Amino acid sequence: MKLTHFFVVMLVLSLALFVFLKPEASSITTGKEIAQLEIEDFIVYKIDKTGVTSVVSGTVGKQFNSYYEVENAHYIENKNRLGEHLYADYARFEKDIAYLRDNVRYFREDGLSFESDKAVYNTKAEKLYVPNNFVLTQNENVIYGKELHYNSKTGKIKAEKIDASYYIDEKNKVIYKGSK
C-alpha cells in the first residue's frame, strides 16, 4: 500500500467517525457546589485604612461563589482592645456572618471565655449568638446556660436558663450560686 492510499483511508475513516459518531452533551450535576479555590494551612488578614481588622486561619479553606468554609478555624477580631479569639472545628463565612460549629471556643485576653457546640458571629455588628448550651468562665466564675447573646462592643451578656457560681476575688467567697 502506498503512502497516499494510507492517508486517503485515514481521511475516509475520520470523516466516517465525524458523521456517524456525535458527542453527547453530558453534565454531571451532584447538586453540590464546587469550590473555586482550596488552600491548606493558611492565614488571611483583613486590612483597612486603620490596619489589620481581623485574621482568619485554618488547616483547610474552600472558597465558593458567595461564602467560604474553614476547617479548624481561628478567627481573631482586632477592632477593640479585648483581644478576641474564636475557634471552631468548622466555620462558614457568608458576608459579615460567621457560622461556627463543633467545639466552638471564645477567648478574650482579660480571661473571659466560653465553650459551645454552635455559635453565630456577626463581624460587622460584633455580636455573638449561641443558640444552645454553653459554659462561660472568667477566672473562678462559671456560668452554665442556654442561648447566649454577647455584644463585644458594649460588653453586655444576656443568657437564658443559667446556673452560675460567682466569686469575689478578695475573700474568694461565693456571692451567687444557683439557677435563674
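Looking across V104, V56, V52, V70, one residue alone is aliphatic (A, V, I, L, M), loosely packed, with under 15 Cβ neighbours inside 10 Å and in a strand (DSSP E or B). It is V52.
In segment 107-129, the residue that is nearest to the chain's Cα centre (by Cα) out of those that are part of a strand (DSSP E or B) and of a type in the set (D, E, K, R) is K118. Within segment 73-101, restricting attention to residues that are over 17 Å from T154 (Cα atoms) and among the acidic types (D, E), the residue that is surrounded by the most Cβ atoms within 10 Å (Cβ to Cβ) is D89.
Residue pairs whose Cβ atoms lie under 8 Å apart, sitting 6 or more positions apart in sequence or on different chains, and linking a residue in segment 51-64 that is farther than 21 Å from N78 by Cα and hydrophobic (A, V, I, L, M, F, W, C) to a partner that is assigned to a strand (DSSP E or B) and modelled with pLDDT of 80 or more, are V60/E38; V60/I39; V60/E40; V60/V70; V60/E71; V60/N72. Residues that are in contact with an Asp or Glu (Cβ under 6 Å, 6 or more places away or on another chain) and of a type in the set (A, V, I, L, M, F, W, C) within segment 44-95 comprise V60, F64, listed in sequence order. Do we have any residue at all in segment 90-101 that's over 24 Å from K46 (Cα atoms) and either touching a residue at least 24 places away in the same chain (Cβ under 8 Å) or not hydrophobic (A, V, I, L, M, F, W, C) (or both)? Checking segment 90-101: not a single residue is over 24 Å from K46 (Cα atoms) and either touching a residue at least 24 places away in the same chain (Cβ under 8 Å) or not hydrophobic (A, V, I, L, M, F, W, C) (or both). Exactly one residue out of V130, V70, V55, V60 is closer than 30 Å to D163 by Cβ and not small (G, A, S), and it is V130.
Can you tell me which residues in segment 87-121 are among the polar types (S, T, N, Q) and at pLDDT 90 or above? The answer is N103, S116. Would a scan of segment 79-86 turn up a residue that is modelled with pLDDT of 90 or more and within 11 Å of the chain's Cα centre (by Cα)? No, segment 79-86 contains no residue that is modelled with pLDDT of 90 or more and within 11 Å of the chain's Cα centre (by Cα).
Would you be able to say whether some residue in segment 30-39 is at pLDDT 80 or above, surrounded by fewer than 12 Cβ atoms within 10 Å (Cβ to Cβ) and β-branched (V, I, T)? Yes, segment 30-39 has at least one match. One residue stands out among those in segment 139-156 that are under 14 Å from E84 (Cα atoms) and modelled with pLDDT under 85: the one that is surrounded by the most Cβ atoms within 10 Å (Cβ to Cβ), which is S152.
The values are calculated or read from the model by the stated rules, or taken from the named source; none is laboratory data. These numbers come from a predicted model, not from an experiment. Don't worry about glycine lacking a Cβ; one is built from the backbone with ideal geometry, like all the others, and counts go over all protein chains shown.
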